[in-house]
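Peer 1: Take a look at the following structure, please.
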Amino acid sequence: MRNILFSLLIFLGSNVFASTSILSDLDDTIKITQGRGRPTDFLGDDVYTGMPEFFKESQSYSNSLYILSASPSILLNKIKATLNKKRIEYHGLVLRKNVTEDKFSYKVKAIKKIMDSSPDDFIFLGDDLGKDPEVYTEIARQYPGRVSGIYIHVVNGRPLKGKLTPYWTSFDLFLREFEAFRMSSSGVQKIINILMKDKNLHLIFPKKANCPTTSSIWEWQVRTIFMNEAQTLMKKFTRFCQMR
């Protein structure tokens, strides 16, 4: 039934996502860095649970994945090795050549260059530790109508303003994209199966990351067709956060 429903939604709204690309931050969006609280984690290769699967499943409706990081270009080979190890396929990887350059200015300039060279609309992924909320808000202002969604990974829990959608887990992303008529129901079911079996929740909520102890932030999920699965995951996540 879910697959039939999704197929109908694709038929009715295929023009909505016919030309879309994704642009994602790296640290604390894909890769666990500051969230763990260890100064050496920028050299690690742990990624948040479900992110490689998200990018793989989104290939069904997105043309390209661009990864934009303020990390210095000296880490290029290390970052490539991490992405390859996690089987994250990408079209472009942009790192900061001048480490003294302001991160906000650097990211705005880099995104404008990418968007000016592509006809696609864009979905943005970032986190709330750096300048991603401000950068993506500025890009949406300069490119009205070409930003299909802005997802901000909640790590420190700072207030978000404007049309920014917070998320805590990869399941949030899958389900938000399903609700936007882009992600397939089978894709959502895949991440559900992964998270249901997962016992290492430290790769979802690292030591220094915001960890919800109540399910209020996820109440919207029980109004979807994945209500039962969402309730089970809510209990699992909040129980972990309460005990952490």
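Derivation of every value follows stated rules applied to the coordinates shown; laboratory data play no part. Computed from a predicted model, the values in this text were never measured in an experiment. Here the Cβ is made from the backbone with ideal geometry for all residues, glycine too, and neighbour counts use every protein chain on show.
Peer 1: With each pseudo-label sitting 7 Å past Cα toward Cβ, what's the ILE225-PHE181 distance in nm, one decimal?
Peer 2: Label at ILE225, label at PHE181, 1.4 nm between them.
Peer 1: Dipole size in debye (nearest 20) for region 78-135 around its Cα centre, Lys and Arg Cβ +1, Asp and Glu Cβ -1? Can you show the working numbers first?
Peer 2: Numbers: 13 positive and 10 negative charges, 101 e Å.
Using Cβ point charges on Lys, Arg, Asp and Glu, region 78-135 gives about 480 debye.
Peer 1: Another one. Please report how far the C-alpha centroid of region 118-138 lies from that of region 171-244, rounded to the nearest whole angstrom.
Peer 2: Region 118-138 and region 171-244 have Cα centres spaced 22 Å from each other.
Peer 1: Mean-square fluctuation check for the chain, GNM, Cα pairs under 10 Å: which of SER117, SER58, SER215 is largest?
Peer 2: SER117
Peer 1: Residue by residue through region 44-57, what is 3J(HN,Hα) from phi via Karplus (6.51 cos²θ - 1.76 cosθ + 1.60, θ = phi - 60°)? Round to whole Hz and write x for glycine and proline.
Peer 2: With the stated coefficients, region 44-57 comes to x, 10, 6, 10, 5, 3, x, 5, x, 5, 4, 5, 5, 5 Hz.
Peer 1: Report the calculated FRET efficiency for ASP102 and THR232 (r = Cβ-Cβ distance, R0 = 35 Å), to the nearest 0.05. Show your work: numbers first, answer last.
Peer 2: Details: r = 44 Å, r/R0 = 1.26.
E(calc), rounded to 0.05, equals 0.20.
Peer 1: Here's a follow-up. Residue by residue, what Karplus-based ³J(HN,Hα) values in Hz, rounded to whole numbers, does region 120-125 have, using 6.51, -1.76 and 1.60 with θ = phi - 60° and x for Gly and Pro?
Peer 2: Taking θ as phi minus 60°, the curve returns 6, 7, 10, 10, 10, 10 Hz for region 120-125.
Peer 1: Under 22 Å between alpha carbons, and skipping anything fewer than 8 positions from LYS97 in its own chain: which lysines qualify?
Peer 2: Within the straight-line limit of under 22 Å, LYS97 reaches these lysines: LYS31, LYS78, LYS80, LYS107, LYS109, LYS112, LYS113, LYS131.
Peer 1: Shifting gears a bit: Using a 10 angstrom cutoff on alpha carbons, build the Gaussian network for the chain and name the most mobile of ARG96, ARG182, ARG141.
Peer 2: ARG141
Peer 1: Just grab the label-to-label distance for SER73 and LEU43, each label 7 Å out from Cα along the Cβ direction, in nm (one decimal).
Peer 2: Result for the modelled spin labels: 2.3 nm.
Peer 1: Let's see if you can work this out: charge +1 on each Lys and Arg Cβ, -1 on each Asp and Glu Cβ, no other charges. What is the dipole magnitude of region 16-243 about its Cα centre, in debye to the nearest 20? Can you show the working numbers first?
Peer 2: Working: 33 positive and 25 negative charges, 89 e Å.
Once rounded to the nearest 20, the dipole reads 420 debye.
Peer 1: While we're on this one: Find how much the distance from ASN63 to TYR90 grows on full extension, using 0.36 nm per residue of separation minus their present alpha carbon separation; answer in nm with one decimal.
Peer 2: Gain on stretching ASN63 to TYR90: 8.7 nm.
Peer 1: Something else now. In nm, to one decimal, how far is the modelled label at ASN156 from the one at SER215, with both set 7 Å along Cα→Cβ?
Peer 2: The answer from the label model is 3.1 nm.
Peer 1: Follow-up question, since we're still on this one. Would you list, by chain and number, the aspartates and glutamates whose Cα falls below 18 Å from the Cα of LYS208, excluding same-chain residues fewer than 8 positions away?
Peer 2: Within the straight-line limit of under 18 Å, LYS208 reaches these aspartates and glutamates: ASP27, ASP28, ASP41, ASP45, ASP46, ASP127, ASP128.
Peer 1: Still on this structure, I have one more. How large are Rg and Dmax for region 178-244 when calculated on the C-alpha trace, in angstrom?
Peer 2: My reading of the Cα-based Rg and Dmax gives 12.5, 36 Å.
Peer 1: Residue farthest toward the positive end of the dipole of region 32-138, with Cβ of Lys/Arg at +1 and Asp/Glu at -1: which of LEU65, ASN98, PRO52?
Peer 2: ASN98
Peer 1: For the chain, set up a Gaussian network in which alpha carbons nearer than 10 Å are linked by springs, and say which option among PRO144, PRO212, PRO133 fluctuates the most.
Peer 2: PRO144
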